[in-house]
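Undergrad: Got a structure for you, questions after.
FYI, it's all coordinate maths here, none of it is from the lab. From a predicted model like this one, the values you see are computed outputs, not experimental measurements. FYI the Cβ positions are ideal-geometry reconstructions off the backbone, even for glycines, and counts take in every protein chain you see.
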Amino acid sequence: MTRADLDGAARVHQMAFPRQRRSRLWLECNLNGFPRMLPYVAVADFCLGYVLWVQKSGFRPEAVLELDQLAVLPEARSRGIGRRLLEESLAGVRLVLAEQQSVLKSVLVSTRADNDAQRLYQAALGARVEAVISGLYSADEVLMVARTP
Ligand SMILES: CC(C)(COP(=O)(O)OP(=O)(O)OC[C@H]1O[C@@H](n2cnc3c(N)ncnc32)[C@H](O)[C@@H]1OP(=O)(O)O)[C@@H](O)C(=O)NCCC(=O)NCCS
């Protein structure tokens, strides 16, 4: 993600998460947080989706990442863009980690218990449900971990 992607990514954010506010600022903060925050976009003629990765608990030799947010434009869903975003951005993340002499140890991801994104996280990352936290955001949230993804 670059500054030029912010408006398009903000549009995706707004459509994917209508309860959340100030979409452009949210994404801009993530962009400004590099390399703790590692944001990527899927772009064709315009932004189709984005993914936000975060390095957790310091810059560690064995990095623990959180997959903070993944979103694809409603009309572009179920075509494999979400999966490609995860897989191809993770390859980019590994390069950033290699530059800081780190390797990826595990990925943490949480989502609403009723969100089918769980299946995607399992298929693309090998993530497994480790806990369910009741009422964390707007509903129960499943906490998933992918070890050596
Ligand atoms: C989750 C999301 C990013 C998936 O993007 P996508 O481009 O549709 O994902 P893909 O086409 O790569 O789907 C891959 C797999 O994900 C699963 N999946 C993801 N979202 C799904 C949904 N809403 N309904 C059904 N299956 C879904 C399916 O298992 C699918 O595999 P299949 O096509 O073999 O059935 C998209 O649905 C989205 O933006 N949702 C709103 C925001 C959101 O909930 N984000 C996740 C929480 S942060």
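Undergrad: Of all the strands (runs of 3 or more DSSP E) wholly in region 8-111, which have at least 3 residues that are more than 24 Å from Leu143 (Cβ to Cβ)? Step through it out loud before you land on a result.
TA: Working: elements: 37-43, 47-55, 62-72.
Ranges flagged: 37-43.
Undergrad: Also, quick follow-up: If I filter region 109-129 for residues that are within 30 Å of Pro61 (Cβ to Cβ) and away from the ligand (no atom under 16 Å from the Cβ), do I get at least one hit?
TA: No; the residues of region 109-129 include none that is within 30 Å of Pro61 (Cβ to Cβ) and away from the ligand (no atom under 16 Å from the Cβ).
Undergrad: So which pairs qualify, if the first residue must be in region 46-63 and under 23 Å from Ala16 (Cβ atoms) and among the small types (Gly, Ala, Ser), the second must be within 16 Å of the ligand (Cβ to nearest atom) and not in a loop (DSSP other than H, G, I, E, B), the Cβ gap must be under 6 Å, and the two must be at least 6 apart or on different chains?
TA: Partner pairs satisfying both residue conditions: Gly49/Val12; Gly49/Ala42; Gly49/Ala71; Gly49/Val72; Gly49/Ile81; Gly49/Leu85.
Undergrad: Do you know which residues across region 133-144 are more than 9 Å from Arg112 (Cα to Cα), surrounded by fewer than 14 Cβ atoms within 10 Å (Cβ to Cβ) and of a type outside the set (Gly, Ala, Ser)?
TA: Passing the criteria: only Ile133.
Undergrad: Which residue pairs have Cβ atoms closer than 7 Å, lie 6 or more positions apart in sequence or on different chains, and pair a first residue in region 71-83 that is more than 14 Å from Phe17 (Cβ to Cβ) with a second residue that is more than 6 Å from the ligand (Cβ to nearest atom)?
TA: Short answer, once both residue conditions are applied: Ala76/Leu48; Ala76/Gly49; Ile81/Ala42; Ile81/Leu48; Ile81/Gly49; Gly82/Gly49; Arg83/Ala124.
Undergrad: In this structure, does Ser102 turn out to be more than 16 Å from Ala42 (Cβ to Cβ), free of Cβ contacts under 8 Å to residues at least 60 places away in the same chain and surrounded by 15 or more Cβ atoms within 10 Å (Cβ to Cβ)? Full working, then the answer.
TA: Values: more than 16 Å from Ala42 (Cβ to Cβ): yes; free of Cβ contacts under 8 Å to residues at least 60 places away in the same chain: yes; surrounded by 15 or more Cβ atoms within 10 Å (Cβ to Cβ): yes.
Considered against the rule, which asks whether it is more than 16 Å from Ala42 (Cβ to Cβ), free of Cβ contacts under 8 Å to residues at least 60 places away in the same chain and surrounded by 15 or more Cβ atoms within 10 Å (Cβ to Cβ), Ser102 comes out as yes.
Undergrad: I would also like to ask the following. Could you list all residues from region 92-125 that are β-branched (Val, Ile, Thr) and touching a helix residue (DSSP H, G or I) at 6+ places or on another chain (Cβ under 6 Å)?
TA: Of all residues in region 92-125, those β-branched (Val, Ile, Thr) come to 93, 96, 103, 107, 109, 111.
Matches in region 92-125: Val107, Val109, Thr111.
Undergrad: Say we look at region 78-107 and pick out the residues that are within 16 Å of the ligand (Cβ to nearest atom) and of a type in the set (Ser, Thr, Tyr); which of these is farthest from the chain's Cα centre (by Cα)?
TA: Applying the filter and picking the extreme gives Ser78.
Undergrad: Right, something else. Just give me the residues in region 53-77 being near the ligand (Cβ under 9 Å from one of its atoms) and closer than 21 Å to Gly126 by Cβ, in sequence order.
TA: Of all residues in region 53-77, those near the ligand (Cβ under 9 Å from one of its atoms) come to 67-74, 76-77.
Listed by number, the residues that qualify are Leu67, Asp68, Gln69, Leu70, Val72.
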